[in-house]
Structure formats: structure tokens, C-alpha cells
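Engineer: Below are the C-alpha cells for one structure; questions will follow.
The values are calculated or read from the model by the stated rules, or taken from the named source; none is laboratory data. Not measured: the values here are computed from a predicted model. Here the Cβ positions follow ideal geometry from the backbone for every residue, glycine too, while neighbour counts run over all protein chains shown.
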Amino acid sequence: MTDIDENALFNITLGLYVVGSYEKKTGREVGCIADAVMQVSANPMRIAVSLESNIYTTKCVKEVGELSLSVLPKNTSAELISEFGFKSSENTDKWNIAPFYKDGKLPLLKDCIAVITCKAVDEIDIGDHIIFVCEIKKAKMVKGCEPLTYAEYRKSMRKASSKEGLGKRWVCTVCCYEYDGDIPFEELPDDWKCPCCQMGKEYFQLQ
Ligand code: FE
């Protein structure tokens, strides 16, 4: 029995953003998804961006000291989130999945709500994540529509099961995708992978 109910934490409101940066040596664009982004001061105008410590994009941000944010809209495709969120920029050119442009060397999505470019002025190692404190260089509205929240993303990945009465559902613990195929989950081959994040069957839980 634990004192920490993760569902309580899922009620902290978070958005979903594509973080962009580039390789110092080659200039090749890299990127990932971040949910933990917030404005932390107004004067000077600074935001905090928390990224997983051991991913390739974080390594590049540490090296080049700058990053971009593209604020994702409600209708963002699962493919885009899967590409940026569950692959590594070390061996994938993720930016090919959607139209983008560059401000200096920083890549930005053309189709998003707003774009922000920043300089990382401080970094705080907090365990499995690093918080980059960033000074805003430019911020621009692209189109006015509702931003995607992390909670909505989780909900949309949990499609209503077509088989009524079964109750329990197999849910990917990495990306929240809910299995709704015709073959019973238990009978899927051992090398079956989550269609959204590509993780194996062992990452699914009956919920
Ligand atoms: Fe998944």
C-alpha cells in the first residue's frame, strides 16, 4: 500500500509540446515531446522545460544551449506524437513527419498554435529529468485554437472498447494506447508491439 496515488498527479494540468533543437556538429534537427513546460518568471521572461535526462534531444540541448517549442493543438495526430514522443532523434529524422521551418538553427512546426525560441540559461538535474531554465528569445502566435492537454491526450488514447461487457482493458503503460483489436490480447504473438509507441506486450497492463 502506497501513500502516492498517481491519479492525483495526473490532475496537475500539463500541455503537450514539440521541443526542437539540433546537433552541434552537423546542425541536423532533433526533437522530442515534453509535457512539463511552464512560465516561471515575467521579468526577465523565463520558462522551465523538463526533459528526460538520458534522451538524445536533451544531450543536444545541453550542447547547443538553445531549444524551440511548438505548442500542439487539440487535433494533433497520434502519429506525430508517436514519432516525436517514442522514437530517438539519434537514429530518426523526426522532423520529416510534418512541415517545419527553421529560425536560425532551431526547427519549428508550421502547423501548431504558437512557436517559442529560447536560450537555456540554467539547468537543474532532478534525477531522471533535467529542468532547463530558458530565456525567451521570440514567441509568436501561429493560429488561434485550443491547445492539447496531457489529460486529453491520455483520454484520446483510451478508445472506448467495442466489446461491451468485457470490462477490463489492456492499456499500454508507456503511451496509454488501449488495445481494441479483434484477436484477444493474450493470443497476440510475443513480438507484437504497441502500434503507438512500439513497446512490447510486457508493457501492457489489464486495467
Ligand atoms: Fe504504447
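Engineer: Which one of the conditions (1) more than 16 Å from residue 28 (Cα to Cα); (2) in a loop (DSSP other than H, G, I, E, B) does residue 88 fail to meet, given that it meets all the rest?
Structural biologist: (1)
Engineer: Please list, ordered by first then second residue, the pairs with beta carbon atoms under 6 Å, 6 or more apart or interchain, first in region 186-199 and touching a residue at least 12 places away in the same chain (Cβ under 8 Å) and not assigned by TED's automatic domain parsing to the domain that holds residue 80, second of a type in the set (S, T, N, Q) and within 16 Å of the ligand (Cβ to nearest atom).
Structural biologist: These pairs meet every condition: 196/82.
Engineer: Before we move on, is residue 168 within 16 Å of the chain's Cα centre (by Cα), away from the ligand (no atom under 13 Å from the Cβ) and over 16 Å from residue 69 (Cα atoms)?
Structural biologist: no
Engineer: Scanning for something within 23 Å of residue 26 (Cα to Cα), in a strand (DSSP E or B) and free of Cβ contacts under 8 Å to residues at least 12 places away in the same chain, does region 128-137 turn up at least one residue?
Structural biologist: No, the conditions are met nowhere in region 128-137.
Engineer: Look through 7, 54 and report the one residue that is closer than 26 Å to residue 195 by Cα and outside the structural domain of residue 140 (by TED's automatic domain parsing).
Structural biologist: Result: 7 is the single residue among 7, 54 that is closer than 26 Å to residue 195 by Cα and outside the structural domain of residue 140 (by TED's automatic domain parsing).
Engineer: If you scan region 41-65, which residues turn out to be of a type in the set (D, E, K, R) and in contact (Cβ under 8 Å) with a residue 60 or more places away in the chain?
Structural biologist: First pass over region 41-65, keeping only residues of a type in the set (D, E, K, R): 46, 52, 59, 62-63.
Result: 46, 52, 62.
Engineer: Same structure, new question: Keeping to region 58-97, report how many residues are within 12 Å of the chain's Cα centre (by Cα), surrounded by 13 or more Cβ atoms within 10 Å (Cβ to Cβ) and within 18 Å of residue 112 (Cβ to Cβ).
Structural biologist: Residues in region 58-97 being within 12 Å of the chain's Cα centre (by Cα), surrounded by 13 or more Cβ atoms within 10 Å (Cβ to Cβ) and within 18 Å of residue 112 (Cβ to Cβ): 12 in total.
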